[in-house]
1. Which members of region 437-467 meet the condition of being at positive phi and either open to solvent by less than 50 Å² (accessible area, probe 1.4 Å) or within 57 Å of the chain's Cα centre (by Cα) (or both)?
2. Among residues belonging to region 516-553 that are charged (D, E, K, R) and in a strand (DSSP E or B), point out the one that is most open to solvent (accessible area, probe 1.4 Å).
3. If you check 82, 98, 87, which single one turns out to be open to solvent by less than 40 Å² (accessible area, probe 1.4 Å), free of Cβ contacts under 8 Å to residues at least 60 places away in the same chain and part of a strand (DSSP E or B)?
4. Note down all Cβ pairs under 8 Å where the first residue falls in region 349-365 and is free of Cβ contacts under 8 Å to residues at least 40 places away in the same chain, the second is among the charged types (D, E, K, R) and open to solvent by less than 90 Å² (accessible area, probe 1.4 Å), and they're at least six residues apart or on different chains.
5. Based on what the data block shows, is residue 505 under 26 Å from residue 401 (Cα atoms), in contact with a helix residue (DSSP H, G or I) (Cβ under 9 Å, 6 or more places away or on another chain) and open to solvent by 40 Å² or more (accessible area, probe 1.4 Å)?
6. Which of the residues spanning region 281-303 are closer than 14 Å to residue 41 by Cα and part of a loop (DSSP other than H, G, I, E, B)?
7. Before we move on, is residue 214 under 19 Å from residue 185 (Cα atoms), surrounded by fewer than 20 Cβ atoms within 10 Å (Cβ to Cβ), touching a helix residue (DSSP H, G or I) at 6+ places or on another chain (Cβ under 8 Å) and touching a residue at least 24 places away in the same chain (Cβ under 8 Å)?
Amino acid sequence: MNLGYKKYKPFQPITLPDRTWPDKTITKAPVWCSVDLRDGNQALVNPMNLEQKLEFFQMLCDIGFKEIEVGFPSASETEYEILRALIDQDLIPEDVTIQVLVQAREHLIRKTFEAIDGAKNVIVHFYNSTSTLQRRVVFNTDMQGVINIAVEGAKLIRQLTEEITKNSDTNIRYEYSPESFSGTEMENAVLICDKVLEELGATPDNKVIINLPNTVEMSTPNTYADQIEYCCRNMKHRDSAIISLHPHNDRGTATAATELGVMAGAERVEGTLFGNGERTGNSDIMNLAMNLYSQGVDPELDFSSMNHIRDVCERCTQLKVHPRHPYAGALVFTAFSGSHQDAINKGVNMMQKENNPYWEVPYLPIDPADLGRQYEPIIRINSQSGKGGAAFVMHQNFGYILPKAMHPEFGALVKKACDEKSREISPDEVFDIFNNNYLEVTQPYNLLTYKIFEEDGGSGQVIVDFEGTIRYHGETKAISGKGNGPIDAFFHALHAIGLEDYEFVSYSEHAISAGANSKAVSYIQLKHGGRMCFGVGVDSNISIASIKGIICAINRQLKAQEE
């Protein structure tokens, strides 16, 4: 047995027996801050170039972000370059605040203030690490030592703000992060945040953002929520702070940690689109926003052009969005399972029938159209698909509404094709199966000519006459019959050539196109010797479509007998 797990210490949660966050629900979107251009960019194998960053920034603005962290301008020339390009080219909308990140170190803070010169709205985000482990291993100092670093940084930032705003209309706000917050003793985290708030002169009318990052996700999401609620309760200057979250995804639960953190009192969230970030990534703002949307809460971000957003992200970051990624993945609104397909098909039909104002379709938590996604790929056909899936494809893609009794028969034909090909088949391939098995079945009986007319049968009764020619195994025969309708007349005509033992079971029809060139499709179910068989006919004349459907059903039944 591998005993390697014994070298890991279990995370010690805080004690918060009277926690209140489990009873909360999220009814309002938090303030969103995108860190794609900084946290996301630094995590790329090939960081974005200036052109890509500018395109990405514009997309973030189009989505509706009002706070965007654009980089760490004191850290590298490329980070400085994007900031200056945005300012000098006047690319920042009036209602968007750019955010810059800096360590709480004097020379880096001074360079950062040089970099933001000329910007209108800026958040200066400074940080230093506070965790027990980093104090011991990285900085070799105690808690007072890291408090001193944060306070000195705050003092310099406030001083430089006063200098820069004397001669400009730049609006500067502050943000402080005790990096590795979730690995810090909570009483120490509260203490350092209060000290920074005091040094920055925070007030209820001039709040400072206190960002509490899950820099390394160390335990279950509920422990992070407890930490957030603890800080919200115990900070002396809570009313002068905006509590922000910056979760990472080391345990794969960043979305849950963020949502629980908001329930615990946070008002702001930093994250990236599709979760790109260091190690396993950041909290996925798209996922979080669409989760709110699916609950009837305005996310205050617009993802109605999801395919475009995904394309820009993939092009700029050179990272592919996983096909099963929530909301954005190519396959997330796709069902291969037969039972899922059947439920979706019934749900869509019920929505149309009932004109329901609420979206209620099994297996589809939101309407794909709200994201600019198409309905065509919702149901895709492979060997796992059921009878309803093939019928859905025929309806959605080609306008054929197969009667329910026909679903098992056609579904079996499609399933057989999938098994033979050992792969998914396309909608066009599904139609080819339909065409070959129903529309192009002209053997052994082939109707060559036909004429339908009415005659007076006396006492107000109308008799329908059918006259035509039919080819059977190379021999052409004239047939005729009378009845109370076209189908009845045709059946009597067939009796003359020995086809009297077919029993009519069911009939349905509908138009398959609109306008003057509309065609009708007729579905005919016949019974012969205890065996049921469907036929399909298409014609501009509904009566002729029905007659073609009868011939199709007879031919298919005879072919089945031979096989």
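1. Our first condition is that a residue be at positive phi; within region 437-467, this holds for 458-460.
The one that is at positive phi and either open to solvent by less than 50 Å² (accessible area, probe 1.4 Å) or within 57 Å of the chain's Cα centre (by Cα) (or both): 458.
2. 531
3. On the way: 82 fails: part of a strand (DSSP E or B); 87 fails: part of a strand (DSSP E or B).
Checking each option against the conditions leaves just 98.
4. 359/367; 361/367
5. Values: under 26 Å from residue 401 (Cα atoms): yes; in contact with a helix residue (DSSP H, G or I) (Cβ under 9 Å, 6 or more places away or on another chain): yes; open to solvent by 40 Å² or more (accessible area, probe 1.4 Å): yes.
Answer is yes for this residue.
6. Narrowing region 281-303 to residues closer than 14 Å to residue 41 by Cα: 281-282.
Scanning region 281-303 gives a single hit, 281.
7. Working: under 19 Å from residue 185 (Cα atoms): yes; surrounded by fewer than 20 Cβ atoms within 10 Å (Cβ to Cβ): no; touching a helix residue (DSSP H, G or I) at 6+ places or on another chain (Cβ under 8 Å): yes; touching a residue at least 24 places away in the same chain (Cβ under 8 Å): yes.
Here the answer is no, as residue 214 does not meet what is asked.
Okay, residues lined up against (1) outside any loop (DSSP other than H, G, I, E, B); (2) open to solvent by 90 Å² or more (accessible area, probe 1.4 Å):
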{"site": "331", "(1), (2)": "no, no"}
{"site": "339", "(1), (2)": "yes, no"}
{"site": "343", "(1), (2)": "yes, no"}
{"site": "347", "(1), (2)": "yes, no"}
{"site": "352", "(1), (2)": "yes, yes"}
{"site": "356", "(1), (2)": "no, no"}
{"site": "359", "(1), (2)": "no, no"}
{"site": "370", "(1), (2)": "yes, no"}
{"site": "373", "(1), (2)": "no, no"}
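The values are calculated or read from the model by the stated rules, or taken from the named source; none is laboratory data. Since we're looking at a predicted model, the values are computed, not measured. All Cβ positions, even for glycine, are placed from backbone atoms using ideal geometry, and neighbour counts span all protein chains on display. Ligands, DNA and RNA are stripped out before the accessible areas are found, and what is left, the full protein with its side chains, is counted by its heavy atoms. Shrake-Rupley method; radii C 1.70, N 1.55, O 1.52, S 1.80 Å.
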